[in-house]
Amino acid sequence: MANKRFIRNRTRRGNAEPFELEMSSLLDILVILLVFLLKNYSVDEFALKINKGISIPDSISKTLTRKGVTIQMSKDFEVFIEEKLITTLENDGAWTDEQDVLIKNELLALKENTEQIEMQSDKASGFNGIINLIMDRELSYEHIDKIMDISADSGYEQFKFIVIES
Amino acid sequence: MYSLPSARRKKPTADKLNLTPILDVVFVLIFFLLFSVQLLRIYEIGSDLPIYQEPAESTPQQKKKKFELKVYVSNKSIRFVNSLNRKVLERFDTDWGNEEFELQIEQKIQEIKNEHPTERRVVIATHKKVIYNNLVMILDKLRGEDRIYEMGLAEQEKRRLELEGEGKRAEEIDDILNEEMLEQRRIGLIKKYKEQGKTDEEILKLTTEVKIGNLFNQIIFED
């Protein structure tokens, strides 16, 4: 009796179906995620990267950003040009001549670089004088003014204050 | 009689769709889109003209101008001044963060724009201790939100020359241009409301008192 049952069960064990993962619900979630990401997809090659620790002001502006040199300043008075840390102001944000020169030199170098590329290639977009100002919302106007002054001295005369949608 | 399991009839099973390749494609697409997604919408406020300096020579057009808005911003007060005759149009005590204060500023700017609809330039003189966030709020009020088509600068100039050619005086030209701007504004709004599906009665009600949008969007910071 036990022997017959053993033979019967052995056949069932041999024919056991492999475990199948139910993927349709996972696919539902992924499709919804895909739709959401497609909706937010941006074809614009120019994307601004805002450094950690900088909280930009919000605004009702709907003017899209354009490609240009990016200068950022955090509330701790760190100054970045194209995501590269150039200098940090000390003593609660006091400016020194050396810092002016450092920032100006960096901006001039970028300008010169763009102009050299423009000379070498017809397809290169030339120097457009645009400077994107990514400033922390807590900064006082004197720092914004200083950055604008240095930028204007370096040939960047189109100031774009970068804001976030309110 | 005992029969082999293989000889028994098996129930026909439906063919299942193999979801693995679809899942592979979806995963790859998701990774690609995740790297390019922009969740935060970033915009700009432009100040295209260089830091303001006194012009060495005024053009005939500038000599005829009777109004240029200048806004003095400090942590104590905000003053709206006609920089050509230095007349103070309005003064407000600042109260940053107060909605009523922001509304007063907005209403005053709208009022000034209604009186001078062709004027787009504003000079801002800001005290160094004003916080950037508050300055952006003022810029928002000055620039306005609605961007319905108005007469462009080139078109304004062309129309102005035409009217000068007809022998009209400067004040008459300004009045005619104001009316034409308001009419263009009205036409733009009617088109917008029709697209939104509003009825003719609603459109008439909304466009009876037309305000000029697209306010002072040529911002110059005083040095």
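In region A:52-71, what count of residues is obtained for those that are modelled with pLDDT of 85 or more, touching a strand residue (DSSP E or B) at 6+ places or on another chain (Cβ under 7 Å) and part of a loop (DSSP other than H, G, I, E, B)? Looking only at that region, the number is 4.
The listed residues are A:Glu157, A:Glu115, A:Glu142, and the only one of them that is among the acidic types (Asp, Glu) and more than 10 Å from every other protein chain (Cβ to nearest Cβ) turns out to be A:Glu115. Take B:Met137 and decide whether it is modelled with pLDDT under 75 and in contact with an Asp or Glu (Cβ under 8 Å, 6 or more places away or on another chain). No, not satisfied. For beta carbons closer than 9 Å, sequence separation of 6+ or different chains, a first residue in region A:133-159 that is assigned by TED's automatic domain parsing to the domain that holds A:Gly93 and a second that is in a helix (DSSP H, G or I) and among the acidic types (Asp, Glu), the qualifying pairs are A:Lys146/A:Asp100; A:Asp149/A:Asp100; A:Ile150/A:Asp100; A:Asp153/A:Asp100; A:Ser154/A:Glu106.
In the set (1) away from every other protein chain (no Cβ under 14 Å); (2) part of a strand (DSSP E or B); (3) surrounded by 15 or more Cβ atoms within 10 Å (Cβ to Cβ), the condition left unmet by A:Ile164 is number (1). With respect to the conditions (1) over 30 Å from B:Lys141 (Cα atoms); (2) within 14 Å of chain B (Cβ to nearest Cβ), A:Glu98 lacks only one, and its number is (2).
Hey, could you check region B:14-36 for residues that are of a type in the set (S, T, N, Q) and over 47 Å from the mean Cα position of the chain (by Cα) and say which is nearest to A:Leu33 (Cα to Cα)? Filtering region B:14-36 for residues that are of a type in the set (S, T, N, Q) and over 47 Å from the mean Cα position of the chain (by Cα), the one nearest to A:Leu33 (Cα to Cα) comes out as B:Thr20. If you go through region A:118-139 and keep only what is away from chain B (no Cβ under 14 Å) and either of a type in the set (Lys, Arg) or surrounded by 22 or more Cβ atoms within 10 Å (Cβ to Cβ) (or both), you end up with just A:Lys123.
The values are calculated or read from the model by the stated rules, or taken from the named source; none is laboratory data. This is a predicted model, so every value here is computed, not measured. Cβ coordinates were reconstructed from backbone atoms using ideal geometry, including for glycine residues, and neighbour counts include every protein chain displayed.
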